[in-house]
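Novice: Sending over a structure as structure tokens; questions will come in a sec.
The values are calculated or read from the model by the stated rules, or taken from the named source; none is laboratory data. None of the values given here were measured: they were computed from a predicted structure. Here Cβ is always computed from backbone atoms with ideal geometry, including for glycine, and neighbour counts include all displayed protein chains.
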Amino acid sequence: MITIANENELKNLANTSAYTITGAGGELKVWVEGYEYLLQKEGIGKPKQWYTFKGQLMNDTYFLTGNNRYPKDITFLCFSIEELNTGKLAIFKIKMQDRWLDDIVNNNLLREEQKNRR
């Protein structure tokens, strides 16, 4: 099951370093099935819950402006890393070129802060 995240869920996911896929297009069920197959194959485990949200929610929640804003309709897909083999997941993340949600949020907030200092 894929839950459409609201602002509170987005913040909670960022606080727990959720594994995040940016720009998931098409049918999300296909993404989930494919990732779950690969995660199981790598011995990482299966995420308990998947979440999705759009760039507009990210922009509104973290007050992103200008070039730091995401396209409002870009799709993010993520899951909590709880109860997964995080060592193997870290290597998998690098291979897949995905990111932790807290890194995404913190990098965006840092860019916003730098813009405001100018």
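Novice: Give all pairs with beta carbons closer than 8 Å in which a residue from the range 104-118 that is touching a residue at least 12 places away in the same chain (Cβ under 8 Å) and over 14 Å from Leu13 (Cβ atoms) meets a residue that is aromatic (Phe, Trp, Tyr) and part of a helix (DSSP H, G or I); count only pairs at least 6 apart in sequence or on separate chains.
Specialist: From the range 104-118, the pairs are Asn108/Tyr62; Leu109/Tyr62; Glu112/Tyr62.
Conditions (1) touching a strand residue (DSSP E or B) at 6+ places or on another chain (Cβ under 8 Å); (2) free of Cβ contacts under 8 Å to residues at least 40 places away in the same chain, marked per residue:
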| residue | (1), (2) |
| --- | --- |
| Thr3 | yes, no |
| Leu10 | yes, no |
| Ala18 | yes, no |
| Leu38 | no, no |
| Asn59 | no, yes |
| Leu64 | no, no |
| Cys78 | yes, no |
| Asn85 | no, no |
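Novice: Identify all residues within the range 96-118 that are assigned to a helix (DSSP H, G or I) and at pLDDT 85 or above; write none if there are none.
Specialist: Step one: list which residues in the range 96-118 are assigned to a helix (DSSP H, G or I), which gives 96, 101-117.
Scanning the range 96-118 gives Met96, Leu101, Asp102, Asp103, Ile104, Val105, Asn106, Asn107, Asn108, Leu109, Leu110, Arg111.
Novice: I've got another one for you. Filter the range 16-54 down to the residues that are at pLDDT 95 or above, among the polar types (S, T, N, Q) and either assigned to a helix (DSSP H, G or I) or surrounded by 15 or more Cβ atoms within 10 Å (Cβ to Cβ) (or both) and list them by number.
Specialist: Of everything in the range 16-54, those that are at pLDDT 95 or above, among the polar types (S, T, N, Q) and either assigned to a helix (DSSP H, G or I) or surrounded by 15 or more Cβ atoms within 10 Å (Cβ to Cβ) (or both) turn out to be Thr20, Thr22, Gln40, Thr52.
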